[in-house]
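Engineer: Have a look at this one.
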């Protein structure tokens, strides 16, 4: 089943109808609900611009390497705290790996793409704070 999104009174009615049909057919329905909007395109663009900036200023790694680093150091702690399903998956499959393997796993494990707007805001703010001591100023664009 694809995700059911409720963002209006009309879509709520549609989802309720879909759930009634599913229950009538199977007599069992499990729902995992998440509230809050998904990340915004602006936030996504900022994070990718910042990975590129990190690659230009801190040449120890390329943009993909910095993305993996940031996902592991900033994104994983946020999702482990706020998303029980993510924490269970991460703890059972990634947590016991070596640091190097965890970085490799970040190429494939969805972290920021699963974040809500507030979570991605925390992520971006954590990035900013972490890189200031290294002399890298990651700035939000002026609105």
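The values are calculated or read from the model by the stated rules, or taken from the named source; none is laboratory data. Just so you know, these numbers come straight off a predicted model, no measurement behind them. Cβ coordinates were reconstructed from backbone atoms using ideal geometry, including for glycine residues, and neighbour counts include every protein chain displayed.
Engineer: Test of understanding: among 23, 51, which residue is crowded, with 17+ Cβ neighbours inside 10 Å and either out of contact with any strand residue (DSSP E or B) (no Cβ under 8 Å at 6 or more places or on another chain) or part of a loop (DSSP other than H, G, I, E, B) (or both)?
Structural biologist: Working: 23 fails: crowded, with 17+ Cβ neighbours inside 10 Å.
The match here is 51.
Engineer: Would you say residue 111 is modelled with pLDDT of 95 or more and within 27 Å of residue 5 (Cα to Cα)?
Structural biologist: Against the criterion (modelled with pLDDT of 95 or more and within 27 Å of residue 5 (Cα to Cα)), residue 111 qualifies.
Engineer: Okay, next question. Out of contact with any helix residue (DSSP H, G or I) (no Cβ under 6 Å at 6 or more places or on another chain) and either under 18 Å from residue 79 (Cβ atoms) or modelled with pLDDT under 95 (or both): is that true of residue 105 in this structure?
Structural biologist: The answer is yes for residue 105.
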